[in-house]
Every structure is written in structure tokens, then in C-alpha cells.
Amino acid sequence: METIVDEFLGADLGDERLNRRLKSLAHTLASKPSESIPAAADSRAEWEAAYRFFDNDRVSPEKVLAPHREATLERVSQASSIVLVQDTTQVNLTRPTEQVQGAGYLGCDSQYGVFYHPLMAFTEQSLALGMVWQKHWTRDEEPSRLSKTEKAKQRRETPIEQKESVRWIEGIHASAEVAELCPDTQCIAVADSESDIYEVLAECTGQKPANFQFVIRAGQDRTTEQDTDWFESVRGTRCIERSQVKVSRRRAKFRSKKDSRREGDREARTAELEIRAAKVTLKAPWRPDRKLPTVDVNLVLCEEVSPPEGTQPIVWLLVTQLPIDSVDAIRRVIDIYCIRWQIEIFFRTLKSGCRIEERYLRNLPRSMNAIALYSVIAWRILYLTQVGRTCPDLNCEMVFDSSEWKSVYTVLHHQRADFRLPKAPPTLNEMIKMIARLGGYIDRPSENSHPGPKTLWIGLQQTHSLSSGWLAFGPESKKFSRT
């Protein structure tokens, strides 16, 4: 049976007691991911031990994640191809009175926290395999008196190694390392338009393992060797395919002058897209400290035809070296990039499900140790959400204890006159849906719906309580046998 504790079996924190505490904490906090640490713990001694663990000098985010990374690499090595997605999120650690020591400036005078940048592995079917690398940093509050022109000049003249954007290159290095460690698996690095930096493209197209590839969404104009804009280069090719996609309704949380794609609200609609592809050679931009090489890339353009008046058209320009010599190959590039949205679900699970921004730890090192552990818990919630769809007929006891499925099944079905526990455990997909029902999921078989992470993390907490009651007072407990 596979549990959250299995992700930490190879832990090496320099003290066997710390190794045992990490496994115990993983089990305790994963059982009640939305609860505070004292509420999740069974006793005062247990939650005090948790705080001591996060404050221990021998504990670090890298050491906490190390055994999970090894378990993830084992899963990666069993897949024919995987997608490695990196992205950044802000973790807001602002407190009403005493601020978290070491927290950095997040962008306005009243918000402080840390920037968190993980690299996650997924199958091409969107099944989350785990994290293989992560980075975090803080930003100092330094009011600048430079003009816009002076700031732009300063950015141009600063080497990328001294900028926050170096994280994208570090993520590519980490992805290439995964490809080296798993030579029989094709590893495809994916990132959004914020990573459209020429140094990142040069790094992706440089000397890498033969099983390494990438898909990056373009975010700015670039010039080809033929002195044409790369958007116009691909727009000048014939339309390969037309496709319709459903665009969801969106209410903008903020207006951004820097990024027109984020301006304004968006109503739900069906958009008609034209898909084109081309091969180009990009002209290297000037840098004061180095000469960058030209790069050969393939482009896949998905562009909306005749968008409603007053709305921003959907425009995706995907940069890759994956093949684009057939319609199926081009569709694969698009499908691979779409997997990137899974990391947004991971961030939502981490913040809303595991409530990492609400953990009251007094300094940043403690907070980051806790975030590392909760990141694995959030990954497992996402994994359970997806594995029921990917392996629906798997015996649920491969993931859950018999006390868990029996107690949940009993609570959901005991009112039936002919109720009795089935002799064989339910399938994994059935168990996932039963747990989600405890969290508010409405199972409508006719709609072929699937539960999401929110109903699952709520249901998992209920499952833990029901399982504990089953073991203590259920028909298989010693107390029940004596009576």
C-alpha cells in the first residue's frame, strides 16, 4: 500500500530521530491538510515536536524534499515521456502585527513573503509524478529613484545571473539533469511566457541530453535571421488546422499595463482557432557582457479568428524543437503546453487546501521547511485527484487502508436496507469519488464528471476521522470483539 510516508522513506537529516519525526509529521499533517498544526496533531506534545522539527538547524527544504525527489525520479524512469513544468508563485506571509522574520517585499508596502518556484513532473496524461527541484527567494524593499528609461537601461546592462529571471535557466538545468538520470524517458521542459528570455532559449537549444526537449510560450517580439518578426513569419504560412475551444468566463483580479492579455474581464465563449507552424532561426540580441548564439526553433501558432469586439483574441505562440511535420505532432506540442495549467492547480491546493500562508511560524527558515513538507502533501492530493482517472480499475487498497474504504463505504451506504460491506475492495476511481462526496462532490455519472482537489482535500480529512473511529470502535476492533 502506497502512502504519504513512502515519499520520505529515504530521508537523511543526519539524525534517525529527525527522520522518524519527518515521517510521523507527514502522516499527521496529510491526514488534516487544511487544519492548523495544533489542530492536526493528536496532542500538545506532538504539535510542539512539529514546531521544534521545523526550527531544527539540521532540517532544510532541500533535505525534506530529497527523498520525495528520489521517489519521483523512480516514477519518471518508468514513463516513456514526461513533462517538467516550472512556475513561480508568491507566498504571502503578512501578519497583522509581528511580521515573519526574513520575509521579503512582495510588491506593495503592506505585503511580505517569499517567492516559490518548483519544478514538477507530469505524464502526458497530466498525472502529477512529483517535484524534482525547487527554489525560493525574497526581494528587498529598495525604493528606486531612477526614471523608467534609467531602469530599462539598468535591466539591459545587468547580467541574467544577477536577476531573478535566472531561475528559469536553473529550472532548465534541473530538467536536463532529470533527463540524464532517466535516459530512457523523454523529458520535456515547459514554461509560460515569463520565461521567454533569449538566454533561456539558448540554454534549451544548447548541448543537452538527446532525450531533453522543451516547449515555451512566447511573450515578446523577436527577430529572425531574415529580419522578420517571428509572429509574422509563422502567420505567413498556410493554416494547418482549424479548431474550436471553449473559453471560460474570467473576472480580472487586477489590470496590468505591462501585459495586455491580463486586461479586463472575459465572458465565456467558443473561440475558433487557426493553427500554423514554421521553422525559423532567431537573431541573437545584443548583450554587454557576452555574444549569444543564433537558435533554430520550431513555432506553433494558435490564433483566434474574428474574436468578439472589445475582447483580446487568444494568441499562443509556442516555441519548441519537438517535431512539427504532421498535424498530430503539432497537436502534441499544444497538448504538452496545456499540461502547464496543472501547476496552477498545485499552487491553489498548496495555498487553499494546505493553507501554507496561514501557518504561524516566526521566521522564514521555519516557514520554508513547512512549505517543503506541505508541498509533498499538496502533490499527493493532486496525484490522488488524477490517478483515479488514469488508473480507474486499480484496487483501492494499493493507495488506501482497508479501514479507510470500509468506514467511508459504510457512512455513505449504511441507510440502505440491504447494506453490507462488499467482499472485494472498490476500485480506486470509486474510492476517490466516495472520498470527494464527503467533501461536497456531487457524483453525476451521466455527466462523466470527476472530483477536483478541493472536494478531495476536505474529504480526506473526513476519511481520516472515520478511519480512526473504525479502528477504535468498528466491527474489526478489539473493543467490538470483546462486546
Next item on the list: Please identify the pairs in which a residue from the stretch 456-478 that is touching a residue at least 24 places away in the same chain (Cβ under 8 Å) has its Cβ atom under 9 Å from the Cβ atom of a residue that is of a type in the set (Asp, Glu) and buried (at least 22 other Cβ atoms within 10 Å of the Cβ), counting only partners at least 6 apart or on another chain.
Entry: THR463/GLU404; HIS464/GLU404; LEU466/GLU404; SER467/GLU404; TRP470/GLU404
Check: Quick check: anything in the stretch 348-357 at pLDDT below 95, outside any helix (DSSP H, G or I) and surrounded by fewer than 18 Cβ atoms within 10 Å (Cβ to Cβ)?
Finding: yes
Margin query: Quick check on the stretch 171-190. Is at least one of its residues at pLDDT 95 or above, touching a helix residue (DSSP H, G or I) at 6+ places or on another chain (Cβ under 6 Å), in a loop (DSSP other than H, G, I, E, B) and buried (at least 16 other Cβ atoms within 10 Å of the Cβ)?
Written below: yes
Next item on the list: Taking PRO365 as the residue in question, decide whether it is over 22 Å from GLU303 (Cα atoms), part of a helix (DSSP H, G or I) and open to solvent by 40 Å² or more (accessible area, probe 1.4 Å).
Entry: yes
Check: Between a first residue in the stretch 204-233 that is part of a helix (DSSP H, G or I) and a second residue that is open to solvent by 50 Å² or more (accessible area, probe 1.4 Å), which pairs have beta carbons less than 8 Å apart while being 6 or more apart in sequence or on different chains?
Finding: CYS204/GLN321; THR205/ASP296; THR205/GLN321; TRP230/ASP221; TRP230/THR223; PHE231/ASP221; SER233/GLN226
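Residues checked against (1) open to solvent by 60 Å² or more (accessible area, probe 1.4 Å); (2) in a strand (DSSP E or B); (3) closer than 24 Å to ALA202 by Cβ:
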{"site": "ASN298", "(1), (2), (3)": "no, yes, yes"}
{"site": "TRP316", "(1), (2), (3)": "no, yes, yes"}
{"site": "VAL319", "(1), (2), (3)": "no, yes, yes"}
{"site": "PRO323", "(1), (2), (3)": "yes, no, yes"}
{"site": "ASP328", "(1), (2), (3)": "yes, no, no"}
{"site": "ILE336", "(1), (2), (3)": "no, no, yes"}
{"site": "GLU344", "(1), (2), (3)": "yes, no, no"}
Next item on the list: Would you please list the contacts, defined by Cβ atoms under 8 Å and residues six or more apart or on different chains, that run from a residue in the stretch 133-160 that is more than 30 Å from VAL76 (Cα to Cα) to a residue that is open to solvent by 80 Å² or more (accessible area, probe 1.4 Å) and modelled with pLDDT of 90 or more?
Entry: none
Notebook entry, point to check: How many of the residues in the stretch 388-438 are aliphatic (A, V, I, L, M), touching a strand residue (DSSP E or B) at 6+ places or on another chain (Cβ under 9 Å) and within 24 Å of THR349 (Cβ to Cβ)?
Noted result: 2
Check: Restricting attention to the stretch 131-170, which residues are modelled with pLDDT under 90 and part of a helix (DSSP H, G or I)?
Finding: LYS148, THR149, GLU150, LYS151, ALA152, LYS153, GLN154, ARG155, ARG156, GLU157
Margin query: Can you tell me how many residues within the stretch 98-132 are among the hydroxyl-bearing types (Ser, Thr, Tyr) and touching a residue at least 40 places away in the same chain (Cβ under 8 Å)?
Written below: 3
Notebook entry, point to check: What about CYS302, is it open to solvent by 40 Å² or more (accessible area, probe 1.4 Å) and within 17 Å of ILE275 (Cα to Cα)?
Noted result: no
Notebook entry, point to check: Out of (1) touching a residue at least 24 places away in the same chain (Cβ under 8 Å); (2) surrounded by fewer than 17 Cβ atoms within 10 Å (Cβ to Cβ); (3) not in a helix (DSSP H, G or I), what's the single condition that is false for ARG420?
Noted result: (1)
Checklist line | Hits in the stretch 333-348 - residues which are closer than 16 Å to VAL215 by Cα and in contact (Cβ under 8 Å) with a residue 24 or more places away in the chain | finding: VAL333, ILE334, ASP335, ILE336, TYR337, ILE339, ARG340, GLN342, ILE343
Check: If we keep just the residues of the stretch 392-405 that are surrounded by fewer than 21 Cβ atoms within 10 Å (Cβ to Cβ) and touching a Ser or Thr at 6+ places or on another chain (Cβ under 9 Å), which is nearest to ILE432 (Cα to Cα)?
Finding: PRO392
Check: Just checking, how many residues over the stretch 191-200 are under 13 Å from VAL215 (Cα atoms), open to solvent by less than 10 Å² (accessible area, probe 1.4 Å) and among the hydroxyl-bearing types (Ser, Thr, Tyr)?
Finding: 1
Notebook entry, point to check: Which members of the stretch 215-274 meet the condition of being touching an Asp or Glu at 6+ places or on another chain (Cβ under 8 Å), modelled with pLDDT of 90 or more and closer than 20 Å to TRP341 by Cα?
Noted result: ILE216, ARG217, ALA218, GLY219, LEU273
Checklist line | Restricting the stretch 376-391 to residues that are at pLDDT 90 or above and open to solvent by 20 Å² or more (accessible area, probe 1.4 Å), the residue that is nearest to ASN448 (Cα to Cα) | finding: TYR383
Check: Do you know which residues across the stretch 431-471 are among the charged types (D, E, K, R) and modelled with pLDDT under 90?
Finding: ASP443, ARG444, GLU447, LYS454
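The values are calculated or read from the model by the stated rules, or taken from the named source; none is laboratory data. Here the structure is a predicted model, which is why all the values come from computation and not from measurement. Every residue, glycine among them, receives a Cβ derived from its backbone with ideal geometry; neighbour counts consider all protein chains shown. The area values use the complete protein model at the heavy-atom level, side chains included, leaving out ligands, DNA and RNA. Shrake-Rupley method; radii C 1.70, N 1.55, O 1.52, S 1.80 Å.
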